[in-house]
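To keep things clear, I will list the structure first and then write my remarks on it.
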């Protein structure tokens, strides 16, 4: 499960890629031009970029270069009809990690994405355990003690982020920037609603809530809960 940005100006292809990645349980943002892509990169935190090469306003090469100039190390996958070695060298020179030449089979897209995400997964823990809560980030299985907790993909993404940063408070804006889809649903009201639903599923009667709220500080998970 990763947060992924797709920048592709072909609406049918963009939707196909989004549907494919969401079926793999990833959290996905998408847009149709380079200017919007730049705004998404500046506002969010992504574990993978999927970029078209030729985009309106700013090219995929410009987006990749901007991403790397910010110090971001997440992998970048280009979707492009350009197959020459000169073009590939240009892309690799600005920090691209892989290419998928159009047209392509979505099964190959899934294979490439899994391979690119494998590197950070080797660095980070696959099974998180905080304060009696356990999350397997590969399978999405959540347990509190021996009890299975069933969460939706967005809830899983939020839980994973908080569990990777236990005892650290995050404001609503910070959580939406790092975890939430950057769209019209990314509001503080929607975030509060999401956390309320998570608490109903995860919390045990008579015990403190796993996700704590502190006025002026935000939200956190307590490793001692």
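Here, each number is a calculation from the coordinates, and none is a lab measurement. It should be emphasised that the depicted structure is a prediction, and the values quoted were computed from it without experimental measurement. Please note: Cβ atoms are built from the backbone with ideal geometry, for glycine as well, and neighbour counts cover all protein chains shown.
General remarks:
- Rounded to 10°, Cα long-axis angle of helix 11-23 versus longest principal axis of the chain: 40
- Angle between the chain longest axis and helix 188-202 axis [Cα atoms, degrees, rounded to 10]: 60
- Report summary: the helix-based calculation at 222 nm, which adds -39500 (n - 2.57) for every DSSP H run with n ≥ 4 and divides by the residues of the chain, gives -13000 deg cm²/dmol.
- Value of D in µm² per second that Stokes-Einstein yields for the stretch 3-123, Kirkwood Rh from Cα pairs, at 4 °C (1.567 mPa s): 92
- Volume of the convex hull of the stretch 133-225 (Cα atoms only), normalised per residue: 99 Å³.
- In this calculation the C-beta distance from residue 174 to residue 212 is compared with R0 = 25 Å, giving a FRET efficiency of 0.95.
- The modelled label-to-label distance for the pair residue 45/residue 20, using points 7 Å beyond Cα in the direction of Cβ, is 2.8 nm.
- Residues considered: 177, 39, 74. Largest GNM mean-square fluctuation over the chain, using C-alpha springs under 10 Å, is found at 39.
- Computed FRET value (nearest 0.05) for residue 134 with residue 164, which takes r as the C-beta separation and R₀ as 22 Å: 0.95
- Protection-proxy order for peptides 142-149, 155-162, 28-35, each taking the mean of Cβ atoms within 10 Å per residue, highest first: 155-162, 28-35, 142-149
- DSSP beta bridges in the chain [antiparallel fraction, %, rounded to 5]: 45
- FRET efficiency for the pair residue 196 and residue 13, taken as 1/(1 + (r/R0)^6) with r the Cβ-Cβ distance and R0 = 41 Å, rounds to 0.65.
- Those residues of the stretch 49-63 whose amide nitrogen sits under 19 Å from the label point placed on residue 93, 7 Å along Cα→Cβ: 53-55, 59-63
- Extension gain, residue 73 to residue 147: 0.36 nm times the residue separation minus the Cα-Cα distance gives 23.0 nm.
- Taking the longest Cα principal axis of the chain as reference, the axis of helix 34-43 is set at about 30 degrees.
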